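K.L.:
Here it is: the structure, laid out below.
The values are calculated or read from the model by the stated rules, or taken from the named source; none is laboratory data. Please read these numbers as outputs of a predicted model, since none were measured by experiment. Cβ coordinates were reconstructed from backbone atoms using ideal geometry, including for glycine residues, and neighbour counts include every protein chain displayed. Protein only, heavy atoms only, side chains kept; ligands, DNA and RNA dropped before computing areas. Shrake-Rupley method; radii C 1.70, N 1.55, O 1.52, S 1.80 Å.
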Amino acid sequence: MGKADSEFISTAIAVLTVSDSRDASSDSSGDYLREAVIAAGHQVVDSAIVKDDRYRIRAAVSSWIASDDVQVILINGGTGFNNKNSTPEALLPLFDREIEGFGELFRMISYEEIGSATLQSRAVAGMANQTLIFAMPGSTGACQSAWERIIIDQLDARTRPCNFISHVKKP
């Protein structure tokens, strides 16, 4: 992706880990995302861990969507094909607009790493109340792939031909 001469704009990001087994001491994917966000020049304004329950996920995400302080939400976990995984079901009703290309591109990248098992990934993204939301698998490797190969560039106003910065709410 090309970079134009425009200025970098730091964004306010919340990180949500969806897991029935992780806590603050074992949240390696959430830790990775928080560290990557800060290293890229953005701010982590909130973070949480919730059980894989569509209503708990929806409640946490809804509060951030309604907040004037959160521009982007990064979610890890709950996107697999297992019956207990409910992140997509929690998020899809909240989206004003789905970003179909995120899931498609994530699965293409993931195919290079895990082959046809990527069919079971239900990574999704969308916009709600001018809040950008990315949901990816809970493995640290998947979070790293999503962040480094897709999300980081789309959160950079200098990325051309387009990025999402002009679409998110202003703090």
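K.L.:
If only one of Leu132, Leu105, Leu94 is surrounded by fewer than 19 Cβ atoms within 10 Å (Cβ to Cβ) and not in a helix (DSSP H, G or I), which one is it?
P.N.:
Details: Leu132 fails: surrounded by fewer than 19 Cβ atoms within 10 Å (Cβ to Cβ); Leu105 fails: not in a helix (DSSP H, G or I).
Answer to the selection: Leu94.
K.L.:
Sort through Ser29, Ser63 and tell me the only one that's of a type in the set (Ser, Thr, Tyr), out of contact with any Asp or Glu (no Cβ under 8 Å at 6 or more places or on another chain) and closer than 18 Å to Gln144 by Cβ.
P.N.:
It is Ser29.
K.L.:
Quick check on Leu119: is it of a type outside the set (Ser, Thr, Tyr) and touching a strand residue (DSSP E or B) at 6+ places or on another chain (Cβ under 9 Å)?
P.N.:
Numbers: of a type outside the set (Ser, Thr, Tyr): yes; touching a strand residue (DSSP E or B) at 6+ places or on another chain (Cβ under 9 Å): no.
Considered against the rule, which asks whether it is of a type outside the set (Ser, Thr, Tyr) and touching a strand residue (DSSP E or B) at 6+ places or on another chain (Cβ under 9 Å), Leu119 comes out as no.
K.L.:
Another question, if that's okay. Quick one: which of Ser145, Ser139 is closer than 17 Å to Gly101 by Cα, of a type in the set (Ser, Thr, Tyr) and either out of contact with any helix residue (DSSP H, G or I) (no Cβ under 9 Å at 6 or more places or on another chain) or open to solvent by 10 Å² or more (accessible area, probe 1.4 Å) (or both)?
P.N.:
Working: Ser139 fails: closer than 17 Å to Gly101 by Cα.
Among Ser145, Ser139, only Ser145 is closer than 17 Å to Gly101 by Cα, of a type in the set (Ser, Thr, Tyr) and either out of contact with any helix residue (DSSP H, G or I) (no Cβ under 9 Å at 6 or more places or on another chain) or open to solvent by 10 Å² or more (accessible area, probe 1.4 Å) (or both).
K.L.:
Can you find a residue that is hydroxyl-bearing (Ser, Thr, Tyr) and in contact with a Pro (Cβ under 6 Å, 6 or more places away or on another chain) anywhere in region 77-94?
P.N.:
Filtering region 77-94 for residues hydroxyl-bearing (Ser, Thr, Tyr) gives 79, 86-87.
Now drop any that are not in contact with a Pro (Cβ under 6 Å, 6 or more places away or on another chain), which leaves 79.
Yes, some residue in region 77-94 is hydroxyl-bearing (Ser, Thr, Tyr) and in contact with a Pro (Cβ under 6 Å, 6 or more places away or on another chain).
K.L.:
I'm trying to understand the selection: among the residues of region 43-57, which are under 29 Å from Glu7 (Cβ atoms) and either in a helix (DSSP H, G or I) or within 14 Å of the chain's Cα centre (by Cα) (or both)? Quick ask: steps written out before the conclusion?
P.N.:
Step one: list which residues in region 43-57 are under 29 Å from Glu7 (Cβ atoms), which gives 43-47.
Listed by number, the residues that qualify are Val44, Asp46, Ser47.
K.L.:
Do we have Ile152 as farther than 26 Å from Asp23 by Cβ, in contact (Cβ under 8 Å) with a residue 60 or more places away in the chain and part of a helix (DSSP H, G or I) here?
P.N.:
On the way: farther than 26 Å from Asp23 by Cβ: yes; in contact (Cβ under 8 Å) with a residue 60 or more places away in the chain: yes; part of a helix (DSSP H, G or I): yes.
Judged against the criteria, Ile152 is a match.
K.L.:
Additional query: Say we look at region 108-129 and pick out the residues that are touching a helix residue (DSSP H, G or I) at 6+ places or on another chain (Cβ under 6 Å) and outside any helix (DSSP H, G or I); which of these is surrounded by the most Cβ atoms within 10 Å (Cβ to Cβ)?
P.N.:
Just the residues of region 108-129 that are touching a helix residue (DSSP H, G or I) at 6+ places or on another chain (Cβ under 6 Å), to begin with: 109-111, 118, 121-125, 128-129.
After this cut, where a residue has to be outside any helix (DSSP H, G or I) as well, the list is 121-125, 128-129.
Working: Ser121: 19, Arg122: 20, Ala123: 25, Val124: 24, Ala125: 27, Ala128: 20, Asn129: 15.
Filtering first and then ranking leaves Ala125.
K.L.:
OK, next. Identify the residue in region 58-91 that is part of a loop (DSSP other than H, G, I, E, B) and of a type in the set (S, T, N, Q) and, among all such residues, is most open to solvent (accessible area, probe 1.4 Å).
P.N.:
Taking region 58-91 and keeping what is part of a loop (DSSP other than H, G, I, E, B), we get 67-71, 77-86.
Add one more test, that the residue is of a type in the set (S, T, N, Q), and what stays is 67, 71, 79, 82-83, 85-86.
Details: Ser67: 29, Gln71: 9, Thr79: 3, Asn82: 86, Asn83: 157, Asn85: 28, Ser86: 11 Å².
Here the answer is Asn83.
K.L.:
Determine which member of the set Glu100, Glu89 is out of contact with any Lys or Arg (no Cβ under 9 Å at 6 or more places or on another chain), modelled with pLDDT of 95 or more and acidic (Asp, Glu). Even if it seems obvious, please write down each step before you answer.
P.N.:
Details: Glu89 fails: out of contact with any Lys or Arg (no Cβ under 9 Å at 6 or more places or on another chain).
Glu100 is the lone residue from the list that is out of contact with any Lys or Arg (no Cβ under 9 Å at 6 or more places or on another chain), modelled with pLDDT of 95 or more and acidic (Asp, Glu).
K.L.:
Mind checking which residues of region 10-39 are surrounded by fewer than 18 Cβ atoms within 10 Å (Cβ to Cβ), of a type in the set (A, V, I, L, M, F, W, C) and in contact (Cβ under 8 Å) with a residue 24 or more places away in the chain?
P.N.:
Ala24
K.L.:
Sticking with this one: When residues of region 1-19 are filtered for being farther than 16 Å from Ala135 by Cβ and either at pLDDT 95 or above or of a type in the set (A, V, I, L, M, F, W, C) (or both), how many remain? Give the derivation first.
P.N.:
First, the residues of region 1-19 that are farther than 16 Å from Ala135 by Cβ: 1-12.
Those still in the list that are either at pLDDT 95 or above or of a type in the set (A, V, I, L, M, F, W, C) (or both) too: 1, 4, 8-12.
Summing the residues that are farther than 16 Å from Ala135 by Cβ and either at pLDDT 95 or above or of a type in the set (A, V, I, L, M, F, W, C) (or both) in region 1-19 gives 7.
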